[in-house]
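The values are calculated or read from the model by the stated rules, or taken from the named source; none is laboratory data. These numbers were taken from a predicted model, which means no experiment stands behind them. Every residue, glycine among them, receives a Cβ derived from its backbone with ideal geometry; neighbour counts consider all protein chains shown. Each accessible area value is taken on the protein alone, full model and side chains, heavy atoms only, with ligands, DNA and RNA left out. Shrake-Rupley method; radii C 1.70, N 1.55, O 1.52, S 1.80 Å.
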Amino acid sequence: MPTNPSAGVDSAATPAVTSAVADRRAPALRRFAVSITVLTVAGHWFLGFEQAPVVPLVVVGYAYLLDLALEWSTSWARHRRPGFVGGWRRLVDHLLPTHISALACAMLLYANSSPWPYLFAITAAVSSRYLIRIRIHGRRRHVLNPSNTGITLTLLLYPWVSIAPPYQFTADIGGALDWLVPAAVLIAGTMINAKLTGRMPLIAGWLVGFVGQAVVRWAFADHALPAALMPMIGLAFILFTNYMITDPGTTPLRPTGQILFGVTTAMVYGLLVVSDVSYGLFLALSIVCLVRGLLLAGVGLRVRGPVVPVPGRPTAVR
């Protein structure tokens, strides 16, 4: 899920582009946060979410405390003011990425009655933003999609935990609502990405790549084409497409880079499916983010640019 849109600026981006992306950070995060909050409430109220209603409350509360603790300790170590200091509005804006990640983990994982996998997932998600950073063009940036990282690690380390069943998003509704709910989520996500995150090329690359890998599997691996394309009509796929893979903080800024990122993720997904690996969507995105991070880290070791201060934050004292 989206984190910090200003952090996704390519190393070759100009200061003007960086500033323009940073200006869209708060509006994008607010709209994403409102969207996922409304979906969570609706899911537990009448859509049919399988998790206990207390799960998102516990996960969000814990995530807030963890984020504030990590931000305070990081700012203390780097001799700068914490990002949440400066009034309620600044505090709320600072916690928006964590709010989104927490609700994503609570929504997309199913751990029966145990709360620990959810808490582990959000711990990994929030911690990855602070602990796994590389210096790109003079600035430290996280490169792993936080929500996806937390979910992937939980699925790998807790074998009895699974992804929430796709049917839960429309289990308790019928008739026109079966189409209206996915359509509403699709429209809301598309508008946010088109107006604020600028990730429509990435979505296009992902969708074209997904269709492409389905056709390749059908032609060369004897997979049924309708079954290979079936995930695209589900609400879970819509959520992944509009709210997970498009995280501005961990995806390229330039359109060509976005298209390559989307197509590559789809191709890795296809390889995982052919290899009979479960949870291909989340694993594919994790693999692509990790490889991209390693490549950017390699470039950063060769080219050390001047330190660029983050807009709105004082430069750390060295």
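Approximating the spin labels as points 7 Å out from Cα along Cα→Cβ, the Phe46-to-Val215 distance works out to 4.1 nm. Given a Förster radius of 25 Å and the C-beta distance between Tyr167 and Ser73 as r, what FRET efficiency does 1/(1 + (r/R0)^6) yield to the nearest 0.05? It comes to 0.05. With a ≥ b ≥ c taken as the square roots of the eigenvalues of the C-alpha gyration tensor of region 60-128, please select rounded if a/c is under 1.5 and otherwise prolate if a/b is larger than b/c or oblate if it is not? Prolate. Across Val215, Val268, Val126, mean-square fluctuation computed from a Gaussian network of the chain (C-alpha pairs under 10 Å connected) peaks at Val215. Please give the residues of region 187-205, grouped as numeric ranges, whose backbone N is less than 19 Å from a label point set 7 Å along the Cα-to-Cβ vector of Arg254. Zone members listed by number: 198-205.
Springs join every pair of Cα atoms under 10 Å in this Gaussian network model of the chain, and among His94, His79, His142 the largest mean-square fluctuation is at His79. Taking amide H positions as modeled 1.01 Å from N, with prolines and chain starts lacking one, the residues under 5 Å from Ser162 and 5 or more places away or on another chain are Tyr110.
Other residues lying with their Cβ under 13 Å from the Cβ of Ile187 contribute a combined charge of +2, Lys and Arg counting +1, Asp and Glu -1. Average accessible surface for the chain: 47 Å² per residue, computed with a 1.4 Å probe over protein heavy atoms with every protein chain in place. Backbone amide hydrogens, once placed in the peptide plane, bring Asp172 within less than 5 Å of Gly48, excluding anything fewer than 5 places away on its chain. Annotation: for a label point projected 7 angstrom from Cα along Cα→Cβ of Ala224, residues of region 249-278 with backbone N closer than 18 Å are 273-274, 276.
What the Kirkwood sum gives for region 172-216 is a hydrodynamic radius of 12.3 Å, with every pair of different alpha carbons counted. Here the accessible area is traced with a 1.4 Å probe on the protein chains. For the chain, carbon and sulfur cover 71 percent of it.
Screening the chain for whole DSSP H helices of 15 Å or more along their axis (Cα) with average Kyte-Doolittle hydropathy at least 1.6 returns 177-192, 280-302. For region 56-155, averaging the sequence separation of C-alpha pairs within contact (under 8 Å, six or more residues apart) and dividing by the residue count gives a relative contact order of 28 percent.
Contact order, relative form, for the chain: 26 percent (alpha carbon pairs under 8 Å, 6 or more residues apart, mean separation divided by residue count). Using just its DSSP H runs of length 4 or more, each adding -39500 (n - 2.57), the chain gives a mean residue ellipticity at 222 nm of -20000 deg cm²/dmol after division by all residues. Computed extension length for Ala184-Arg80: 33.3 nm, one decimal, from 0.36 nm per residue of separation with the Cα-Cα distance subtracted.
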